[in-house]
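Notes follow the structure.
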Amino acid sequence: MITSKVVELDGHAIINNCSLGVALATKDQSANDLLKNAEIAMYNAKSKGGNTFSVFSTAMAQEAHDSLTLESDIRRALEQNEFILYLQPKVTMENVIQGFEALVRWDHPERGILLPMEFIPAMEGMGVINQLDDFVLDASCRQLSALQTHHPDISIAVNISSVHFTDSLFLIYLKNIFFNSFLDHFKSK
């Protein structure tokens, strides 16, 4: 842990925090490689809450590479519509389906079906979780409108990222998607 020191500047208390990345040079390493490794170590220190230091390791480099690959794959998945909606039944004690819970999975072209814990934290960090929420809401409303034709009391529960609730346009979006999905369903009849 690096010690913070309060500095007075024009009557204001300024607290300096620092995250350091340390990389040890080897004979066959270029200056650019050394700087890149130190930067990876610095971001590792920041990910631990900052105000500390971290010494570069090859495991850190692999984590950084995996993270960049995942981000790239997520962007492609959003563009290529690789996410899939699953409906998990909510069943009463009498074995009657009361409704469904919307679940999302990623049909990754190389890794197969991925569970949310493998991509949602990265999507939240990238700031693209609302796009996934939009897909789940749209697909759920379309499914609900089709199901309610024969089962008017059926419902679908959807989990939404807390980030979406802070969007001032969320309720308007929700009303529009709900209305449009039912309108599309009745137009197709």
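The values are calculated or read from the model by the stated rules, or taken from the named source; none is laboratory data. Predicted model, so just to flag it, every value in this text is computed and none were measured. Here the Cβ is made from the backbone with ideal geometry for all residues, glycine too, and neighbour counts use every protein chain on show. Note: areas computed on protein heavy atoms with side chains; ligands, DNA, RNA excluded. Shrake-Rupley method; radii C 1.70, N 1.55, O 1.52, S 1.80 Å.
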Exercise for the section: Using just the helices of the chain, give the 222 nm mean residue ellipticity in deg cm²/dmol: DSSP H runs with n ≥ 4 each add -39,500 (n - 2.57), and the total is spread over all residues, rounded to 500. Expected result: -15000 deg cm²/dmol
Practice task
Give, in whole angstrom and from largest to smallest, the semi-axes √(5λ) of the equivalent ellipsoid of the stretch 73-139, with λ running over the eigenvalues of the Cα gyration tensor.
Solution key: 26, 13, 11
Exercise for the section: Identify the GluC sites (Glu not before Pro) of the stretch 99-179 meeting these criteria: DSSP loop state and at most 10 other C-beta atoms within 10 Å of the C-beta. Expected result: E110
Exercise for the section: Under 19 Å from a label point 7 Å along Cα→Cβ of E71: give me every residue in the stretch 91-117 with its amide N that close. Expected result: none
Exercise for the section: Give me the accessible area of I172, 1.4 Å probe, in Å² rounded to the nearest 10. Expected result: 100
Handout entry: All aspartates and glutamates inside 14 Å of K90 as judged from Cα atoms, apart from same-chain residues fewer than 8 positions distant
Key = E101, D153
Handout entry: Low-density loop positions, trypsin sites (Lys or Arg not before Pro), the stretch 27-64 - DSSP coil, at most 14 other Cβ in 10 Å
Key = K27, K48
Fill in the blank from the handout: quick shape note, the chain: Cα extents on principal axes in Å, largest first -> 70, 50, 36
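Taking a probe of 1.4 Å, how large is the accessible area per residue of the chain, in Å²?
68
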Handout entry: Set of aspartates and glutamates with alpha-carbon distance to K175 below 17 Å, sequence-local pairs under 8 removed
Key = D133, D134, D138, D167, D184
Problem - Spacing of the two label points (7 Å from each Cα toward its C-beta) at H108 and N176, in nm - result: 3.3
Fill in the blank from the handout: Taking R0 as 35 Å and r as the Cβ-Cβ distance between D138 and S47, the FRET efficiency 1/(1 + (r/R0)^6), rounded to the nearest 0.05, comes to 0.55
Problem - S30/S162 FRET efficiency (R0 41 Å; Cβ-Cβ; nearest 0.05) - result: 0.40
Practice task
With the full set of protein chains in place, find how many percent of the accessible area of the chain is carbon and sulfur; take the probe as 1.4 Å.
Solution key: 57
